[in-house]
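Please treat every number below as a calculation from the coordinates, not as lab data. Bear in mind the structure is a predicted one, so any value in this text is a computation, not a measurement. Reconstructed Cβ throughout: ideal geometry from the backbone, glycine too, with neighbour counts over all protein chains shown.
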């Protein structure tokens, strides 16, 4: 039996901006499990649609209980194919993704449609669907449950990554965790900050 997931998200920015940010998602601090991305095909059709195929490599840490079922030398990397169609006429971006390896263990297929809102042109509607299946006899149910839970977690990270790309696109400073260098710089500037009146700070735009 296949596990199914779907959700709908309103993105508070125009479709053009979403499409631009989509191609600039990686790297970002929320998707460190995405190791590589390569464009293997790109063409424009006669009706002006942009067709692309990308190959992505992601990490795939198995749960503890699964490590006893599969060989220790099993690759921890997953190779993902992403096909996409950008239609400037209908203002839609449709993506299809699926894994190339580990298909006996688990197959995850995803379909996303980014569509300009008809009644709110400044908004973009995202419809995300996923199908998770496993061919491991006797263990397909827990594997699918694990796959569904991981997919839900990763799609939250994916949205944060898209927001990060949108912030960069709009010239905003995305929020991030401070590093040691930032902490030292903050301490150095603290006296100057306390000596002057604090100016109103512009809050990063929230897109979701």
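Name the shape class, rounded, prolate or oblate, that the alpha-carbon gyration tensor gives for the stretch 111-154, where a ≥ b ≥ c are the square roots of its eigenvalues, rounded holds for a/c under 1.5, and otherwise prolate holds if a/b is larger than b/c and oblate otherwise.
prolate
Measure off 7 Å from each Cα along the Cα-to-Cβ vector at residue 100 and residue 5, then give the distance between these two points in nanometres to one decimal.
Taking the simple label geometry, residue 100 and residue 5 are separated by 2.3 nm.
Cut-off is 10 Å between beta-carbons; in what order do 95, 57 appear when sorted fewest neighbours first?
Details: 95 18, 57 15.
Exposure proxy ranking, most exposed first: 57, 95.
Per-residue counts of other Cβ atoms within 10 Å, averaged by peptide: what ranking do you get for 10-22, 137-149, highest first? Intermediate results must be reported in sequence, preceding the final value.
Working: 10-22: 17.5, 137-149: 15.0.
Ranking the peptides 10-22, 137-149 by packing returns 10-22, 137-149.
Quick one: length gained pulling residue 38 to residue 141 fully straight, 0.36 nm per residue minus the C-alpha distance?
Result for the pair: 33.8 nm of gain on full extension.
Per residue, how big is the convex hull around the C-alpha atoms of the stretch 3-171? Give it to me in cubic angstrom, could you?
117
What is the distance, in nm, between label points placed 7 Å from the Cα along the Cα-to-Cβ direction at residue 168 and at residue 149?
About 3.2 nm separates the two model spin labels.
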